[in-house]
Amino acid sequence: MSAIPNIWLSQSEEDLEKQFGGSDFFIAHLDGGKIPTLRQFYEEVADVLEFPLLTYNLDALNDSLNDLQWLEDKKIVLYLTNTESLLRRERDPLKLSSIIQILDATAEDWKWVESDEGTDRKEFYIVLEASSRIGELLKRELIEFGYLNERSNK
């Protein structure tokens, strides 16, 4: 993979700590085992990222993730564990793909924001606990990803 990916897979909490354990990172943890539906995903992400307004649709999620001005932190890690269970009860299996695509695009968008655009620049990282389900989804959707333990060694 040529470009630096926006999505990182973590094999362990230790990998996450090595890469993002410093005090300058805000790690927003979502437990996929407690998020069986899209609506619960919206509620959980809004809670951990302190969204000022909660609306239950993908456009509002995208807009909120591309703002984040209410957070003082400049470096934000959205860390999803138990990815094998994430959105398991959702009727439409494409919803998980939509969420991952939005997260990928958001992380990419934040790479190009300049502080002089009236927006405080953030560094936004997506870390997913590695699972066969997530690995297959990323490959099927042609979303570039890397492994945190590889990033740590660079």
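None of the figures in this text is laboratory data; all of them are computed from the coordinates on show. None of the values given here were measured: they were computed from a predicted structure. Virtual Cβ from ideal backbone geometry, glycine too; neighbours counted across all protein chains shown.
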Centroid-to-centroid separation of region 75-92 and region 2-42 [C-alpha atoms, Å]:
9 Å
For the pair Phe25 and Val113, what calculated FRET efficiency results from E = 1/(1 + (r/R0)^6), where r is the Cβ-Cβ distance and R0 = 22 Å, to the nearest 0.05?
0.80
Any idea how far apart Lys18 and Thr55 come out in nm if each label point goes 7 Å out from Cα toward Cβ?
4.2 nm
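Neighbour counts of other C-beta atoms within 10 Å: give me Leu103, Leu49 arranged from fewest to most. Intermediate results must be reported in sequence, preceding the final value.
On the way: Leu103 23, Leu49 18.
Ranking Leu103, Leu49 by Cβ neighbours within 10 Å, fewest first, gives Leu49, Leu103.
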Filter the chain for me: DSSP H helices, axial length by Cα at least 24 angstrom, mean Kyte-Doolittle hydropathy not below -1.0. List them by residue number.
94-111
How would you rank Glu141, Glu150, Glu129, Glu114, going from fewest to most other Cβ atoms within 10 Å of each one's own Cβ?
Glu114, Glu150, Glu141, Glu129
Can you tell me which lysines have their Cα less than 17 Å from the Cα of Lys74? Leave out same-chain residues fewer than eight positions away.
Lys111, Lys122
